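> Let me give you the structure first, and then I'll get to my questions.
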Amino acid sequence: MKIIFMGSPEEVVSPLRTLMEHCRSSAQDALLGVVSQPARPAGRKQVLTDPPVAAFAKEQGLTVWQPEKASAAEFLDILRQAAPDIIITAAYGQILSENFLKIPKRATINIHPSALPAYRGATPVPAALLDGLKETAVTILFTVKALDAGNIILQEKFAIEPQEYAASLTHRLFAASGSLLLQALDRLRDPDFIGTPQDPSAVTFCKKIAKTDGQISWGQPVDKLVNEFRAYKPWPGSFCFWQDARVVIEDMEPASADVPRLEPGVFRLDRKAKALLVGTGTHPLWIRQLKPAGSKSLDAMSFWNGARIQDEGRFY
């Protein structure tokens, strides 16, 4: 089968690498090329920079296309000339048109890091963490016009570790997706295979995450605060204010239930624990690393000493 891979961020380099290595040693499958987003200005100097998938593919000598819009007529002509049997998408970053989906002879398929039909949409990993789930999945499914609504080719579940956050969990799920992708390709060799329809009664959708979602509301229960911290790391991050200055919280974990309660946002330094004990709507939590605006990252002791706090402070 002739295959095209579509993706953009660093975490989906892993399944691309697996696919590339498979195709280079396979007599059955060929990787025609990779489609990724165009290069964009990045960094303080706004240097034009390829997405990680495009950069990796070029390093490997693969054919790379970077259309501004994958649905543009001129790019669809290129795809038709390439005549792929299968197109694989993984965090590509654009909605595909019906004309696009008609091009591959066998199917367009997608790697989605959730237990579909739960968490359709662009933020399935943060959504699972926000809900405090202990388990999620990688699903490989047929791509149809409706969002993440195609029949399931295969799905494998994975435990969510207590200390994982959005970026690390996303990387782990996509790293695991490579072997699943090869299993999916084997299933697609059967022209009669159509997968398993999703249960419409179990469909849920992810919410769009905004930069302002990262602002901490200390009056919430500690478990909800920790779930938000995990879901929003690294973007948009979890932040609050100290004396009108923005402070990014870089780690967070619940204190034991027997620790004395504090008013929400009130914090004290525990020198033995080398951490700030911060009050929430339930029992307190620990913070050991934080970054005030205009400063480097600081441990709790350094922040406390630099702020010259006598007894306690309050985050807002």
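> Tell me, yes or no, whether the range 48-57 has at least one residue that is farther than 27 Å from CYS206 by Cβ and in a helix (DSSP H, G or I).
Yes - at least one qualifying residue is present in the range 48-57.
> Does PHE267 count as assigned to a helix (DSSP H, G or I), crowded, with 20+ Cβ neighbours inside 10 Å, without any contact (Cβ under 8 Å) to a residue 60 or more places away in the chain and not basic (Lys, Arg)?
It is false that PHE267 is assigned to a helix (DSSP H, G or I), crowded, with 20+ Cβ neighbours inside 10 Å, without any contact (Cβ under 8 Å) to a residue 60 or more places away in the chain and not basic (Lys, Arg).
> Among (1) of a type outside the set (Phe, Trp, Tyr); (2) in contact (Cβ under 8 Å) with a residue 24 or more places away in the chain; (3) loosely packed, with under 14 Cβ neighbours inside 10 Å, which single condition is LYS105 missing?
(2)
> Sticking with this structure for a sec: In the range 203-243, how many are of a type in the set (Ser, Thr, Tyr) and surrounded by 16 or more Cβ atoms within 10 Å (Cβ to Cβ)?
Residues of the range 203-243 that are of a type in the set (Ser, Thr, Tyr), as a first pass: 204, 212, 217, 232, 238.
Pick out the ones that are also surrounded by 16 or more Cβ atoms within 10 Å (Cβ to Cβ) and you get 232, 238.
Residues that pass the stated criteria total 2.
> Let me ask something additional. Restricting to the range 244-261, and then to whatever is among the aliphatic types (A, V, I, L, M) and free of Cβ contacts under 8 Å to residues at least 40 places away in the same chain, can you tell me which residue is surrounded by the fewest Cβ atoms within 10 Å (Cβ to Cβ)? Talk me through it step by step, then tell me what you get.
Within the range 244-261, the subset among the aliphatic types (A, V, I, L, M) is 245, 247-249, 252, 255, 257, 259.
Subsequent filtering for residues that are free of Cβ contacts under 8 Å to residues at least 40 places away in the same chain retains 252, 255, 257, 259.
Working: MET252: 22, ALA255: 21, ALA257: 10, VAL259: 15.
Per the criteria, the residue is ALA257.
> Say we look at the range 71-90 and pick out the residues that are surrounded by fewer than 21 Cβ atoms within 10 Å (Cβ to Cβ) and of a type in the set (Gly, Ala, Ser); which of these is nearest to the chain's Cα centre (by Cα)?
Going through the qualifying residues, I end up with SER71.
> Moving on to the next point. Of the conditions (1) buried (at least 20 other Cβ atoms within 10 Å of the Cβ); (2) within 19 Å of PHE142 (Cβ to Cβ), ILE95 clears all except one; give me its number.
Failing condition for ILE95: (1).
> Pull out all pairs, ordered by first then second residue, where Cβ-Cβ is under 7 Å, the residues are six or more apart or on different chains, the first lies in the range 155-171 and is under 17 Å from VAL13 (Cα atoms), and the second is surrounded by fewer than 15 Cβ atoms within 10 Å (Cβ to Cβ).
Close Cβ pairs satisfying both conditions: ALA167/PRO234.
> While we're here: Do we find that LEU285 is in contact with a helix residue (DSSP H, G or I) (Cβ under 6 Å, 6 or more places away or on another chain), closer than 21 Å to PRO162 by Cβ, surrounded by 18 or more Cβ atoms within 10 Å (Cβ to Cβ) and not small (Gly, Ala, Ser) in this structure?
For LEU285, the condition - in contact with a helix residue (DSSP H, G or I) (Cβ under 6 Å, 6 or more places away or on another chain), closer than 21 Å to PRO162 by Cβ, surrounded by 18 or more Cβ atoms within 10 Å (Cβ to Cβ) and not small (Gly, Ala, Ser) - is met.
> Is it the case, given these coordinates, that ALA57 is farther than 25 Å from LYS145 by Cα, touching a helix residue (DSSP H, G or I) at 6+ places or on another chain (Cβ under 8 Å), surrounded by fewer than 21 Cβ atoms within 10 Å (Cβ to Cβ) and touching a residue at least 12 places away in the same chain (Cβ under 8 Å)?
Numbers: farther than 25 Å from LYS145 by Cα: yes; touching a helix residue (DSSP H, G or I) at 6+ places or on another chain (Cβ under 8 Å): yes; surrounded by fewer than 21 Cβ atoms within 10 Å (Cβ to Cβ): no; touching a residue at least 12 places away in the same chain (Cβ under 8 Å): yes.
So ALA57 does not fit the description; no.
No lab work stands behind these numbers, since they all come straight from the coordinates. Quantities reported herein were computed from a predicted structural model and do not represent experimental measurements. Don't worry about glycine lacking a Cβ; one is built from the backbone with ideal geometry, like all the others, and counts go over all protein chains shown.
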